[in-house]
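A short write-up of the structure that comes next.
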Amino acid sequence: MRHLLGIEGWRREEIETLLDRAEAHLPGGSAQSSVLQGKVVANLFFEDSTRTRTSFEMAAKMLGAQVLNWTAQGSSVSKGETLLDTVRNIEATGPVALVIRHRSSGAPHLVAQHVRCAVINAGDGTHEHPSQALLDAFTLRRHWGRLDGRTVLIVGDILHSRVARSNILCLTALGARVVACGPPTLLPVGLRELGADVTTDLDAALPKADAVMCLRLQLERQTESFFPSTREFSRLFGLTAARTERMKPEALVMHPGPINRGVELAPAVADGARSVILEQVANGVAVRRAILEVCS
């Protein structure tokens, strides 16, 4: 695997092989790799990020690499420099991999056609976020062993979510049933073709779910009004403490972050016993170590 641009097209055995490799990179695991010793990994983030950028930085350093953290703010992008000129100049400094987050769907794919080093998609527009889907699957697999026969309910702003698209592809490839739930205006066409079932009734779907993945309302991507208000959205699609009583006793709560507390998730749920949100963050380092090891 030279690049990681998306989950689309991956076979189940390929996903499981990567997740198996990530197991060895957990604290106390068997992997003691310094495969990137003396090399450089460049994080190129054209959008803000906390979890993903920090996770990739820690993963690279644990593999022995030096890390270049580049952001659009304060760069020549403000002077009109193009994406390709930017990445070519960064590549000329010698990194072994470029980890790219960009507001435009397909940007990492374009970059991969014009550079010699590895390209890892850290989120492109509303298209995909493959490493997030892999760490989500990894987290669920550690709780369940296998995903076959399990139901994962993805709730919220699916229209603008690259996390939802990658998770539908990844989780269904591993044998899970995925149900997408949200207002009709935030449920894009093509979800069933990706492999997901679709509903607008959260309360009816909750009792059947083994895990509920709430998504952030991406108001910054919305160019028109898709629902009356955030209060109305929370009333119909927010996971409150009262709603969790409808869930299976052992069902898990997930969120890719950042959380709009009191909108997608009540604070008591985000911090409650069902929540594996911080596990997702911790597991992200192991998964991204495996990704960098394979790509680089």
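Figures for the structure shown
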{"read-out": "Residue among ASN260, ASN43, ASN167 with the largest mean-square fluctuation in a Gaussian network model of the chain, springs linking Cα atoms under 10 Å", "value": "ASN260"}
{"read-out": "Rg(Cα) / (2.2 N^0.38 Å) computed for the chain, rounded to two decimals", "value": "0.99"}
{"read-out": "Partners for LYS61 among lysines (Cα-Cα distance below 19 Å; same-chain residues under 8 apart left out)", "value": "LYS39"}
{"read-out": "Spherically averaged projected area in nm², based on the convex hull that wraps the Cα atoms of the stretch 28-128", "value": "6.9"}
{"read-out": "Separation in nanometres of the label points that stand 7 Å from Cα toward Cβ, at GLU13 and SER34", "value": "3.5"}
{"read-out": "Cα gyration tensor, the stretch 232-276 - rounded (a/c under 1.5), prolate or oblate", "value": "oblate"}
{"read-out": "Whole-percent carbon and sulfur share, accessible surface of the chain, 1.4 Å", "value": "49"}
{"read-out": "In sequence order, calculated HN-Hα J values of the stretch 268-280 (Karplus, 6.51, -1.76, 1.60; Hz; x Gly/Pro)", "value": "5, 7, 4, 9, x, 5, 6, 6, 10, 5, 6, 5, 4"}
{"read-out": "Antiparallel %, DSSP beta bridges [both residues in the chain], to 5", "value": "5"}
{"read-out": "Sparse-neighbourhood loop sites, trypsin sites (Lys or Arg not before Pro) in the stretch 108-199 - DSSP loop, at most 14 other Cβ within 10 angstrom", "value": "ARG116, ARG146"}
{"read-out": "Where the chain is the region considered: accessible area per residue in Å², 1.4 Å probe", "value": "43"}
{"read-out": "Within the chain, longest stretch free of exposed GluC sites (Glu not before Pro) [DSSP loop, at most 13 other beta carbons within 10 Å]", "value": "82-223"}
{"read-out": "Fluctuation leader among ARG11, ARG21, ARG216 - the chain, Gaussian network, Cα springs under 10 angstrom", "value": "ARG11"}
{"read-out": "Under the Debye formula (equal points on every Cα, no solvent term), log10 I(q)/I(0) of the stretch 130-280 at q = 0.09, 0.14, 0.20, 0.21 Å⁻¹", "value": "-0.23, -0.59, -1.32, -1.48"}
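The values are calculated or read from the model by the stated rules, or taken from the named source; none is laboratory data. These numbers were taken from a predicted model, which means no experiment stands behind them. Using ideal geometry, Cβ is built from the backbone for each residue, glycine included, and neighbour counts are taken over all protein chains shown. The area values use the complete protein model at the heavy-atom level, side chains included, leaving out ligands, DNA and RNA. Shrake-Rupley method; radii C 1.70, N 1.55, O 1.52, S 1.80 Å.
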